[in-house]
Every structure is written in C-alpha cells, then in structure tokens.
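Below: the structure, in structure tokens.
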Amino acid sequence: MKKFTRKVHPFLIGLLSAFLISNQAIAQSVSKTTLIKNVNGYTIDGTELKRFSAIQFTNDTIDQVYTLNQMVNVPKNTNIIDGQGQTMLPGLIDAHGHVLSYGLSLMRADLVNTPSEADAVQTALTYAKENPSITWVRGRGWNQVQWKSNKYPTAKSLDIAFPDTPVWLNRVDGHAGWANSKAMQLAGIDQNTQSPAGGEIIRDESGYPTGIFIDNAMTLIDNIIPEQTMEQQKATLHKSMSSLASLGLTSVHDAGIDWKNIDSFKALANEKKMPIRINAMLYLPSEKWQEILKEGIYNSSDDMFNLNSVKIQADGALGSRGAALINDYSDHSGHKGLLLHEKESLVNYINTSMNAGFQVNTHAIGDNANKLILDIYQVQIKQTKTSDLRHRIEHAQVLRLVDIPRFKENNIIASMQATHATSDKNMALSRLGDERIQGAYAWRKLLNAGVTIAAGSDFPVESPNPFYGLHASVTRQDKQDSPKGGWHPVEKMTRLEALRSFTIDAAYAGHQEKLIGSLSPGMRADFILLADDYFTIAETQLWKNQVQQTWVNGRKVFQKKH
Ligand SMILES: [Zn+2]
C-alpha cells in the first residue's frame, strides 16, 4: 500500500483545499438543525437491524438518531418536521446504472401505444412545447400495426406541425425511423439518395423518400444529429438524477462514462446542482483515459460527485448470446459467445488502473468472462497490492461453482442486479441448461461464501426503481408473482440482506460506507420516507412501495405531490 499512498498525493492536496473551502462556506452560512420526529425508522448497524423514531441533523450531517421511547432534547431554533409515522430508510444506492442514457431516454417523446399517426404527431408536438430548448425533436415507440391505417406514417403529417424543426421518431422496435422534411433536408436526402446496404429508404410512386428509413438507412439521419453541448448534457443529467431521486435513490454508481460526462458532473457539482450523489466509473478504453487516471481520484467538496473507479467490459449479454461461456450455449451448439478484448489488453487496462489507485469494475456475464477476470484480478491484485481497493465484477451473472469462493479470497465485490434474474429467467435456462443455471444469479451461494453483493438495476436496461430490485431479491418473482414460490428459491435474500445490498454494502462497494448507507451520528443525512413499511408489507407488494420524500445531504430533493 506504500506505493499507492505516494501516488494519491495530489488527491490529498485536493482534499485539503476542499476542506478549507467547505469550512469557509459553513462559517459564512448559519448552521441549520432539523429534527424529523414521529417516524418508523430502520437502519442497519453492522449486520443488525436498528429502529428509531426521530432523526436530527445539522446541515448535511446527522447529529443524533433517537431510538424508540428515547427523550428527544431539541436544541433551540430547530426546524421540527412531523414524519407522520411514515417509514424512514437510509437513502437507497444503485451500484450499477447509466445516468446519461436514462436521461436521454427521458428526453424523447413517448409514442408507445399512440392510437394513430395524427395522435403520434400530436404527442410529439406536446412534448416539443414542454421542452422548448431542444433543437431536434426525438421520440420513440410508434407502431403502425396498432393503427387503423396499418400503414407507415409519412413526413407530410409531421411537416404541418413542424415546418422548421427537425423531427426523428423511432419505431417501437428501433428498426425504423420517421423523419420530417426538415430533418431530411438537413441530411441532404432527396430522390437521388441511394439506400445503403442493409437498409431501405421508403419512397412514394414518384421515387421521393416518404420519411421512413429502415435499419441501416436510419444512419443517414442518426449521423447528422448534433452531439449535445455541455449545457444540454448537464440538463439531461439533471433531469435523470431528479427522476432517480423521486424513486428513492440518493446515490448511483454510474457504470462507465467518458471525459465529457465527467466534466459535466464536475460542473454540476461545482454549481451545487446535483440532486443525488454520483460515484462514477471511467469507461476504459475511452478518449483521454490514461490522462484521467494520471490526474488521480476526484471527490467534490460535498462528496456529491466522486470518481475513483474504472469500468471495463469483458463480454456481451446473455440474451443476444454475446456472453462468453466456457462450453457451448445450450440453445446454439458450436457457439460460446465473445470476449471483447484480448487478454493482454485486459491485463494492461486493469494493471494501469490499479497502479493509478483506481478501483477496477469489470463487466463479466458468462462463466468464461468471469473466470478470466478472476484469473487476472488474482494476479494483478497481488502484484499491485490493491486488495484494499475492493475491485468488483459487474453482473457476475453466470459463475462456475468453483469460482464462487474466489471472490472472497481476493476481496472482490459482486455487483449484481436482481431484476435481471426475474426478467431473464426463461431465456437464461434455455441459454445455459440445467447444470450451469445452478451458478447463475446465485446470490445465496455468494452470500454464503462471505461475498459482499452490491445491488443495482443497470437502468435504463431495467427500471431504476430500487423497490423492483428489493422485491426481486426477496421473492425471485416477477411483478405477476411468477413463478410460484420463486425462481430457484434457494437463492432468495432476506429483506435485511436485500436492504443491505442497496444501502451499506453498495456504499462499501463505492468506498463510502463511512459517509452513507446507514443512519447514525456523523453520517450524511441521506434518507427516504415511504408510504409502506418495507419490513411488514406482503412480499408480493414490495415493488409497489411509494417514496414520499427523498433527502440528500440534509436537503429535501424530492417531495411526492398528493
Ligand atoms: Zn451496465
């Protein structure tokens, strides 16, 4: 660890200056104490569940958590709030999500289930009016098969509503796009434009493009849509984080971002505009990755934005048969999936990151990818002496049983997404077969082997709602209560274990367990108030719990409207 300490020296200087700045800020502002009383509070202390009835904090830090029946001594000038008996939990942490992609998905007009072409146009128009700053109107979800016309729409209907603004609306399956004339004009598309290989421009009787582009022809429009400016990206991130706050998330580990995205977060943190905490992973390899590693780890003065880890992708996903398996896919003989990098490149990324003092988080889904990453980690962790960096495997979805104890042996965290199990269950069995499925989504086997599981959702692949994840962890059922008794029920977590994985264990996985993840004096005031008691409502109802308020750093960032 000696070598490592020397390397973080610039970071210590950063910390010191951050400390001075925050002290000045506090000296200038009057400290504010808040007491929220009459709550049904739960927090986890070590492995134990603790209950409390009131919480008191000054500015961003918890002063006191009052246990049941304990006398509450309120300091003068305290702002007192009645919690009305609602359930309070520590703020939930998603250890693996994609904040910008989720934000972009929120910046699209939602055309799913629009009943006609005219309705789809109207929906896009309403969306454009609500978002006056956008320069391109984007949307997704239309499906002409659901319309009475049962015909592809055309640019003409869009042109009436949008004569001057380019519009680009994707079909529900993503395999076709619908453009208006302005978009086609900007792309230089006319009757002479040829359809590219693997794509088709739909034309009218006179050979003019109608506005519908199929598969590879969609790139003709996609390629001319300007990249977001930094201000637009910041607005998208802010929208995304505000939505995540409304679901009860107070911190997210952003699973692989580039330098621009890092700069946007730093700017938002400097402007004090972060609704929730972001613990970011730098995507490797991406532009300037070596320079960013050399700059060292980064923490904003209020810990709302941290960068101390990298994300590397070892293989693809199970659904598309891209996950790298040791033996053939059960439903596709001769096919084992794909590793995305040569072993030497992986070793280079991992070794460089570890030596720079960064935690390494590698996406591995198939058993071959997991075995390979465990092999590399085992050697590199010893060589770089970075066991304390708590390196992670993202997903750890399909494991050989012999590989499970290797997580604990090498202090490796399994960063897993419970809703993947309940979404994938039928597909996973056909891809893997009866034997390999024993080591798939194997939470109980990992927990029994002493492994820390950090929970997440992988939004926007799955919904970011953490209550869906808590529900899936506890029941191993989907929201229709299927299958009965749960899918491979031996792998279920208890409610306490599931909550741990979304709070203190996720905080530990982000090196933040001394800051967030539980509620006790000295910790940051990150918590949520809920409609229902997480520990007593029926298991099948866990996913329906509604967040009433979300607080981050002692500040209310979400209030449910009644
Ligand atoms: Zn992901």
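The values are calculated or read from the model by the stated rules, or taken from the named source; none is laboratory data. As the structure is a computational prediction, the values presented were derived from the model and not from experiment. Please note: Cβ atoms are built from the backbone with ideal geometry, for glycine as well, and neighbour counts cover all protein chains shown. The accessibility values were calculated without ligands, DNA or RNA, using every heavy atom of the protein model including side chains. Shrake-Rupley method; radii C 1.70, N 1.55, O 1.52, S 1.80 Å.
Things to note:
- Only listed residue being under 21 Å from residue 510 (Cβ atoms), of a type outside the set (Lys, Arg), open to solvent by 50 Å² or more (accessible area, probe 1.4 Å) and more than 21 Å from the chain's Cα centre (by Cα), chosen from 342, 271, 295, 287: 295
- Residue within region 302-312 that is more than 17 Å from the chain's Cα centre (by Cα) and either open to solvent by 10 Å² or more (accessible area, probe 1.4 Å) or free of Cβ contacts under 8 Å to residues at least 24 places away in the same chain (or both) present: yes
- If the condition is being outside any helix (DSSP H, G or I) and more than 24 Å from the chain's Cα centre (by Cα), then region 112-130 contributes 113, 114, 115, 116.
- Of all residues in region 431-448, exactly one satisfies the criterion of being hydrophobic (A, V, I, L, M, F, W, C) and open to solvent by 10 Å² or more (accessible area, probe 1.4 Å), namely 447.
- Qualifying positions in region 418-430 - more than 15 Å from the ligand (Cβ to nearest atom), open to solvent by 10 Å² or more (accessible area, probe 1.4 Å) and in contact (Cβ under 8 Å) with a residue 12 or more places away in the chain: 422, 425, 427, 430
- So residue 239, is it in contact with a Leu (Cβ under 7 Å, 6 or more places away or on another chain) and away from the ligand (no atom under 16 Å from the Cβ): yes
- Subset of region 436-462 [at pLDDT 95 or above and farther than 27 Å from residue 331 by Cβ]: 447, 448, 449, 450, 451, 452, 453, 454, 455, 456
- Selection status of residue 47, loosely packed, with under 15 Cβ neighbours inside 10 Å and closer than 13 Å to residue 519 by Cα: no
- Of all residues making up region 66-109, the number that are open to solvent by less than 10 Å² (accessible area, probe 1.4 Å), over 26 Å from residue 279 (Cβ atoms) and within 27 Å of the chain's Cα centre (by Cα): 1
- Leading residue by the ranking (farthest from residue 418 (Cα to Cα)) among those in region 440-459 that are outside any loop (DSSP other than H, G, I, E, B) and of a type outside the set (A, V, I, L, M): 448
- At least 3 residues being within 16 Å of the ligand (Cβ to nearest atom) and either open to solvent by 10 Å² or more (accessible area, probe 1.4 Å) or within 18 Å of residue 342 (Cα to Cα) (or both) is the threshold, and among the strands (runs of 3 or more DSSP E) wholly inside region 354-417 those reaching it are 359-364.
- Residue in region 477-498 that is within 16 Å of the ligand (Cβ to nearest atom) and either closer than 22 Å to residue 256 by Cβ or surrounded by fewer than 18 Cβ atoms within 10 Å (Cβ to Cβ) (or both) present: no
- Only one of 202, 212, 224 that is over 30 Å from residue 555 (Cβ atoms), more than 16 Å from the ligand (Cβ to nearest atom), crowded, with 21+ Cβ neighbours inside 10 Å and among the β-branched types (Val, Ile, Thr): 212
- Test: residue 171 is at pLDDT 95 or above and either open to solvent by less than 40 Å² (accessible area, probe 1.4 Å) or under 25 Å from residue 122 (Cα atoms) (or both): no
- Among the candidates 215, 258, 222, the residue that is of a type outside the set (S, T, N, Q), at positive phi, touching a residue at least 24 places away in the same chain (Cβ under 8 Å) and out of contact with any helix residue (DSSP H, G or I) (no Cβ under 7 Å at 6 or more places or on another chain) is uniquely 215.
- First in region 88-113 and more than 24 Å from residue 518 (Cβ to Cβ), second anywhere and open to solvent by 40 Å² or more (accessible area, probe 1.4 Å) and among the basic types (Lys, Arg), Cβ under 6 Å, 6 or more apart: 103/239; 106/239; 108/138; 108/140
- Of residues in region 516-542 being open to solvent by 60 Å² or more (accessible area, probe 1.4 Å) and assigned to a helix (DSSP H, G or I), the one farthest from residue 275 (Cα to Cα): 539
- For region 287-305, the tally of residues that are in a loop (DSSP other than H, G, I, E, B) and not polar (S, T, N, Q) stands at 7.
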